[in-house]
Amino acid sequence: MSNVLILGANGQIARLVRKRLLADTDAQLTLYLRNSRRLGNIDPRREKIVDADVNDGEALQNAISGQDLIYANLGGEFEPMARKVVDAMEHDEVSRLIWVTGLGLYHEVPGEFGRWVDESIGSEIMEDTRRAARIIESSPLDATIIRAAYMNNDPTVDYELTHKGEPFKGTVVSRSSIADLIVHIITDPTLYSNESLGIAQPGTDGNRPW
């Protein structure tokens, strides 16, 4: 049995991960989010809630204490959140982290699609996500960074992975596919240790994600 902390537990991917973990594992879950009323009913035998912001260092550190793995499914300004998460994990000697972000961290998206990604997201947001990734990668944590293509709600699980240093493949991916990868890593934390993975649906290469 493992103890898993989900940061940003109301996110669409996090909800899928939570459902899979409850159905397919015996993991004990801590659900961390800013407004717990959005979650609805929980299983009190296996779930507990922390109603707080990730930027609240004290609440975050208390939540991380005793966990085996942290899965971060966050939105907003990433750099300060990454620093808070890394600092709290180091303080409590919790090392395993799954960090979900978008594509383009390393300018790894080729061709016209790569140019479009940078232009559509904007340099300020892209640089924020890159700084956050550098904080994680330069830390002593055992982290898996997941760089997702543009997401959709197709329930089909169908994806291929690329590794840091390889050109990104594809333009879109289902949230169900990302959730499947996350659940596999939570189930076997040795998978993709200290890796940065691109994830997209095979055969979706193109200039735009539609």
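No lab work stands behind these numbers, since they all come straight from the coordinates. All values derive from a computational prediction rather than experimental measurement. Cβ coordinates were reconstructed from backbone atoms using ideal geometry, including for glycine residues, and neighbour counts include every protein chain displayed.
So, in region 156-178, how many residues would count as being part of a loop (DSSP other than H, G, I, E, B) and under 16 Å from Thr204 (Cα atoms)? Outline the logic, then answer.
Filtering region 156-178 for residues part of a loop (DSSP other than H, G, I, E, B) gives 156-159, 164-171.
Filter once more, keeping what is under 16 Å from Thr204 (Cα atoms): 156-159, 167-171.
Qualifying residue count, region 156-178: 9.
Hey, could you check region 129-143 for residues that are part of a helix (DSSP H, G or I) and in contact (Cβ under 8 Å) with a residue 24 or more places away in the chain and say which is surrounded by the most Cβ atoms within 10 Å (Cβ to Cβ)? Steps first, answer last, please.
Narrowing region 129-143 to residues part of a helix (DSSP H, G or I): 129-137.
Checking which are in contact (Cβ under 8 Å) with a residue 24 or more places away in the chain leaves us with 129-133, 135-137.
On the way: Thr129: 20, Arg130: 17, Arg131: 15, Ala132: 25, Ala133: 22, Ile135: 21, Ile136: 22, Glu137: 15.
Only one residue tops the list, namely Ala132.
Among what's in region 144-175 and is surrounded by fewer than 18 Cβ atoms within 10 Å (Cβ to Cβ) and aliphatic (A, V, I, L, M), pick the residue that is nearest to Asp188 (Cα to Cα).
Leu161
Listed residues Asn55, Asn35; which is of a type outside the set (D, E, K, R) and more than 21 Å from Arg83 (Cα to Cα)? Please lay out each step first, then the result.
Values: Asn55 fails: more than 21 Å from Arg83 (Cα to Cα).
Criteria check complete, one pass: Asn35.
Between a residue in region 175-189 that is in contact (Cβ under 8 Å) with a residue 40 or more places away in the chain and any residue that is among the aromatic types (Phe, Trp, Tyr), which pairs come within a Cβ distance under 7 Å, given they are 6 or more apart or on different chains?
Ile182/Tyr71; Ile185/Tyr192; Ile186/Tyr71
Out of all the residues in region 112-128, which are exposed (fewer than 12 other Cβ atoms within 10 Å of the Cβ) and in contact (Cβ under 8 Å) with a residue 12 or more places away in the chain?
Once the filter is applied, which keeps residues that are exposed (fewer than 12 other Cβ atoms within 10 Å of the Cβ) and in contact (Cβ under 8 Å) with a residue 12 or more places away in the chain, region 112-128 yields only Glu112.
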